[in-house]
Amino acid sequence: MNDINLLGRLTNTPELKQSANGRPYTWFTMAVPRQDNRKEADYIRCLAFDKLANAIYKHCDKGRQILCQGRLQVSTSIDKATKKVKYHHTVVVSSTHFLHDPNISSASI
């Protein structure tokens, strides 16, 4: 089973783009703290499509805490200069929960 859950914060504001056939998508990176050392984080590249991509674009800015569920996708490419295979890891997001937004103060809630 290829199932992944990530709890972290966005490292940048997502950009909404469209594929050649008009399908909306967004790339974003999450900083996910390590369980054994909260001062360290893994930076994980994520991809969302369609309505979910629109929602992430509309509701998320840099620093927003989110919980993402999806699957890990690994693709490869070959470096032309060295002829070595490069592996690219991406989480393809299937659902998201929007959590803490640092841009909204607790006094305004």
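Checking each residue in region 3-26 for being free of Cβ contacts under 8 Å to residues at least 60 places away in the same chain, assigned to a loop (DSSP other than H, G, I, E, B), loosely packed, with under 12 Cβ neighbours inside 10 Å and not polar (S, T, N, Q) picks out 20, 22, 23. Got at least one residue in region 34-52 being surrounded by 16 or more Cβ atoms within 10 Å (Cβ to Cβ), touching an Asp or Glu at 6+ places or on another chain (Cβ under 9 Å) and in contact (Cβ under 8 Å) with a residue 12 or more places away in the chain? Scanning region 34-52, I find no residue that is surrounded by 16 or more Cβ atoms within 10 Å (Cβ to Cβ), touching an Asp or Glu at 6+ places or on another chain (Cβ under 9 Å) and in contact (Cβ under 8 Å) with a residue 12 or more places away in the chain, so the answer is no.
In region 38-59, what residues are more than 16 Å from residue 93 (Cα to Cα) and small (Gly, Ala, Ser)? 41 - this is the single residue of region 38-59 that is more than 16 Å from residue 93 (Cα to Cα) and small (Gly, Ala, Ser). Going by the conditions given, is residue 61 outside any strand (DSSP E or B), among the acidic types (Asp, Glu), out of contact with any Gly (no Cβ under 9 Å at 6 or more places or on another chain) and surrounded by 10 or more Cβ atoms within 10 Å (Cβ to Cβ)? So residue 61 fits the description; yes.
Among residues of region 57-109 being touching a residue at least 40 places away in the same chain (Cβ under 8 Å) and of a type in the set (D, E, K, R), the one that is farthest from residue 47 (Cα to Cα) is 101.
Checking each residue in region 38-86 for being within 17 Å of residue 28 (Cα to Cα) and of a type in the set (Val, Ile, Thr) picks out 44, 56, 66, 74. Say whether the condition of being touching a Phe, Trp or Tyr at 6+ places or on another chain (Cβ under 7 Å) and part of a strand (DSSP E or B) is met by at least one residue in region 67-87. Yes, that holds for at least one residue.
Any read-out appearing in this document is the output of simple, stated calculations on the displayed coordinates, not a laboratory observation. As the structure is a prediction and not an experimental result, all values here were calculated from the model. Heads up, the Cβs are rebuilt from the backbone with ideal geometry, glycines too, and the neighbour counts pull from every protein chain shown.
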